[in-house]
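Structure first, commentary second.
Every number here is computed from the coordinates shown, using simple stated rules; none is lab data. Computed from a predicted model, the values in this text were never measured in an experiment. Cβ sites come from the backbone with ideal geometry, for glycine too, and all protein chains shown count toward neighbours.
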Amino acid sequence: MKKAPFFIIGCVRSGTTMLRNVLRLHPNLASPEETHFYRWSEPFGTDSSRKQLSKNVTLVRHRAIDGISEEEFAAMLDACSTRRELCQQYMALYVQRCKPGARRWFDKTPQNVYGAAMLAADFPQSRFIHIARNPLDVALSLRAGKVMKVSSLVGAGNYWLESITNLHTLKRAFPRRVLELRYEEFNTDPEGHIARVLDFIGEEPVPGFMDSFAPKPSVYDHEAALDAAQIATVRRICGKWAAAYGYAI
């Protein structure tokens, strides 16, 4: 594959899955389930790193969805010396098995934002797409727990704060390699925003490839779901960056 990969990173429950699923419809693009290869800080090749990657229940389920067996993944871990090698081998097998006509792979793992600097160094021609969402909506989605549950508003707020802080640093280091979208605006004009994404990553639009996509945004009533003290907690943690992204909380 000649074109560099790209990565969707940011805060969980912000529309990253929706964005990945739309881009998956493009015939040239292939993306597995979340990999988390760059999420954790333990050096690759250590016992703790191998345990995180091989024993995590969610990642085992993701590999099953991707059509990659645990034996195949264990062989990759044995053969690879770096995260980059593991990422490349996994993506190559996934594309071969699941979408052989694709000419480019990409990864959607929001929490890989914690390893964004290493991702940028390991794939120096890659680009990054960040989709942001109102932190109050993120907190309420996490508390609902449909995909992952975080009951603590402090924990939910820091999911948002830490991802935004890491993205800000990445943007300052590589301003031309980061494209940012807002969840709320994407859902009002998905075609226009996907056109921006395709232009940013250098892919030609394919007529009709989005025809099966219909936005289904989740909308929360903040004041009905949270009391004043709870809103104040999220504001205290996220307020500075929320204002920077145009969210009045």
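Along its principal axes, the stretch 54-128 has C-alpha extents of 30, 30, 24 angstrom, given from the largest down.
Put a dot 7 Å past the Cα of K2, heading toward its Cβ, do the same for Y245, and the two dots end up 3.6 nm apart. Calculate the translational D of the stretch 1-134 in whole µm² s⁻¹ from Stokes-Einstein, where the hydrodynamic radius comes from the Kirkwood formula applied to all Cα pairs, the temperature is 37 °C and the viscosity 0.692 mPa s. The estimated diffusion coefficient comes to 218 µm²/s. When you filter the trypsin sites (Lys or Arg not before Pro) in the stretch 1-37 for DSSP loop state and at most 11 other Cβ atoms inside 10 Å of their Cβ, you are left with K2. In whole angstrom, how far apart do the alpha carbon centroids of the stretch 3-48 and the stretch 112-163 sit? Result: 12 Å between the Cα centres. Could you tell me the calculated FRET efficiency between A173 and E71, based on Cβ-Cβ distance and R0 = 41 angstrom, to the nearest 0.05? Once the sixth-power term is evaluated, E becomes 0.60. Rounded to the nearest 20 debye, the dipole size of the stretch 90-191 about its Cα centre is 340 debye, using +1 on the Cβ of Lys and Arg and -1 on the Cβ of Asp and Glu. Here the contact order of the stretch 123-204, divided by its residue count and restricted to Cα pairs under 8 Å and six or more residues apart, works out to 39 percent.
For the chain, the relative contact order is 28 percent, taking Cα pairs closer than 8 Å that sit 6 or more residues apart in sequence and dividing their mean separation by the residue count.
One equal scatterer on each Cα of the chain, no solvent, Debye formula: the resulting log10 I(q)/I(0) at q = 0.15 Å⁻¹ is -1.13. The ranking of I164, I9 from fewest to most other beta carbons within 10 Å of each one's beta carbon is I164, I9. Measuring nothing but alpha carbons in the stretch 180-249 and taking Rh as the Kirkwood radius, the Rg to Rh ratio lands at 1.12. All alpha carbon pair distances within the stretch 103-249 were sorted into 10 Å bins beginning at 0; the resulting P(r) in whole percents reads 9, 36, 35, 18, 2, 0. The helix-based estimate of mean residue ellipticity at 222 nm for the chain, built from -39,500 (n - 2.57) per DSSP H run of four or more residues and divided by its residue count, is -16000 deg cm²/dmol to the nearest 500.
In the stretch 16-57, the ratio of gyration radius to Kirkwood radius, Rg to Rh, stands at 1.14 when only Cα atoms are counted.
Taken about its Cα centre, the chain carries a charge dipole of about 360 debye when Lys and Arg each add +1 at the Cβ and Asp and Glu each add -1 at the Cβ.
The dipole here belongs to the stretch 128-177: it is taken about the Cα centre, uses +1 on the Cβ of Lys and Arg and -1 on the Cβ of Asp and Glu, and is about 200 debye. According to the Kirkwood relation over distinct C-alpha pairs, the hydrodynamic radius of the stretch 95-182 is 14.7 Å. Sites listed here are chymotrypsin sites (Phe, Trp or Tyr not before Pro) in the stretch 1-65 whose DSSP assignment is loop and whose Cβ has at most 10 other Cβ atoms within 10 Å, and the list is empty. The residues neighbouring I9, those whose beta-carbon lies less than 14 Å from its own, together hold a net charge of +3 under the Lys/Arg +1, Asp/Glu -1 convention.
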